[in-house]
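Colleague: I'd like to ask some things about the structure below.
Please treat every number below as a calculation from the coordinates, not as lab data. What you see is a predicted model; the values in this text were computed from it and never measured. Reconstructed Cβ throughout: ideal geometry from the backbone, glycine too, with neighbour counts over all protein chains shown.
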Amino acid sequence: MSINIVCVGNLKEKFWKDAINEYSKRISAFAKISIFEVKESIYGMSDQEILKAKKEEALRLEKFKSQFNVALEIKGEEFTSEEFADKINSLMTRGTSSVSFFVGGSFGLDKVFSDSLNLKLSFSNFTFPHQLMRVILIEQIYRAFTIINGKTYHK
């Protein structure tokens, strides 16, 4: 399976990059993982300008869609780690060869774009910085693969 994590905004801090690199390396034993960054350009804009910029971001994100697409959204569906592993396993069993996860920037994803995806996924009702959300997502993807493959990391 091929996993794409598509993020609005860049990681600048070394500690975030180190965490992402570590989990990417671990996941590579189970799946091909790619991380893509799309420029975020909405700081200091009016609400109307932000809406326009988010629509432009959505157009840039469109090219990263794959067989199954997931938006990280605060109001999305919540899973336990086991349920998330079951979801990924079920996708693999059905022959899904690629999954893309979309992580919005400071103002989230464009609603029309998000609504066009297969699943809206939430890890919490809390709001997290998008940099931290990437680390949480990639760790949960790794955890899911350890559950699927009966490895001891999970507990």
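Colleague: Just name one of 71, 93, 123: the one whose Cα is farthest towards the positive end of the charge dipole of the range 2-154 (beta-carbon charges, Lys/Arg +1, Asp/Glu -1).
Modeller: 93
Colleague: What's the angle, to the nearest 10 degrees (0 to 90), between helix 81-93's Cα axis and the longest principal axis of the chain?
Modeller: Helix 81-93 sits roughly 80 degrees off the main axis of the chain.
Colleague: Moving on to the next point. Show that you can apply the helix-only estimate: for the chain, add -39,500 (n - 2.57) for every DSSP H stretch of four or more residues, divide by all residues, and state [θ] at 222 nm to the nearest 500. Display every interim value, and only then the final one.
Modeller: Numbers: 5 runs with 67 residues, N = 155.
Taken over the chain, the calculation gives -14000 deg cm²/dmol.
Colleague: Among 125, 69, 21, which one shows the biggest mean-square fluctuation in a GNM of the chain, springs joining Cα atoms closer than 10 Å?
Modeller: Top of the fluctuation ranking is 125.
Colleague: OK, next. Exceeding 28 Å between C-alpha atoms, which entries from my cross-link table qualify? They are 17/120; 17/63; 52/87; 12/54; 111/151; 12/87.
Modeller: Details: 17/120 25 Å; 17/63 24 Å; 52/87 34 Å; 12/54 21 Å; 111/151 37 Å; 12/87 31 Å.
Listed pairs above 28 Å: 52/87; 111/151; 12/87.
Colleague: Right, something else. Out of all DSSP beta bridges in the chain, what portion is antiparallel? Express it as a percent rounded to 5. Before the final figure, lay out the partial values.
Modeller: Details: 1 of 23 bridges.
So the antiparallel bridges in the chain amount to around 5 percent.
Colleague: For 151, 12, 39, 120, what ranking results if the residue with the fewest other Cβ atoms within 10 Å of its Cβ goes first?
Modeller: Working: 151 14, 12 8, 39 11, 120 17.
Starting with the residue having the fewest Cβ neighbours, the order is 12, 39, 151, 120.
Colleague: Considering the values (1) 0.96; (2) 0.93; (3) 1.00, which represents Rg/Rh (Cα atoms, Kirkwood Rh) as calculated for the structure under consideration?
Modeller: Given (1) 0.96; (2) 0.93; (3) 1.00, the calculated one carries the label (1).
Colleague: Related question: For a quick check, take a GNM of the chain with Cα springs below 10 Å and name the residue from 55, 25, 63 with the largest mean-square fluctuation.
Modeller: Highest fluctuation of the listed residues: 63.
Colleague: If the cut-off is 20 Å between C-alpha atoms, which lysines fall inside it for residue 14, apart from same-chain ones fewer than 8 positions away?
Modeller: Correct list for residue 14: 25, 39.
Colleague: Go ahead and set up a Gaussian network model of the chain, Cα springs under 10 Å, then flag whichever of 99, 112, 38 fluctuates most.
Modeller: Of 99, 112, 38, the Gaussian network model singles out 112 as fluctuating most.
Colleague: For residue 65, go through the aspartates and glutamates and keep the ones whose alpha-carbon is under 15 Å away, minus same-chain ones fewer than eight residues off.
Modeller: Filter leaves 37, 57, 110, 115.
Colleague: In addition: Helix 47-62 versus the longest principal axis of the chain: what angle, 0 to 90°, nearest 10, using Cα atoms?
Modeller: In the chain, helix 47-62 runs at an angle near 40 degrees to the longest axis.
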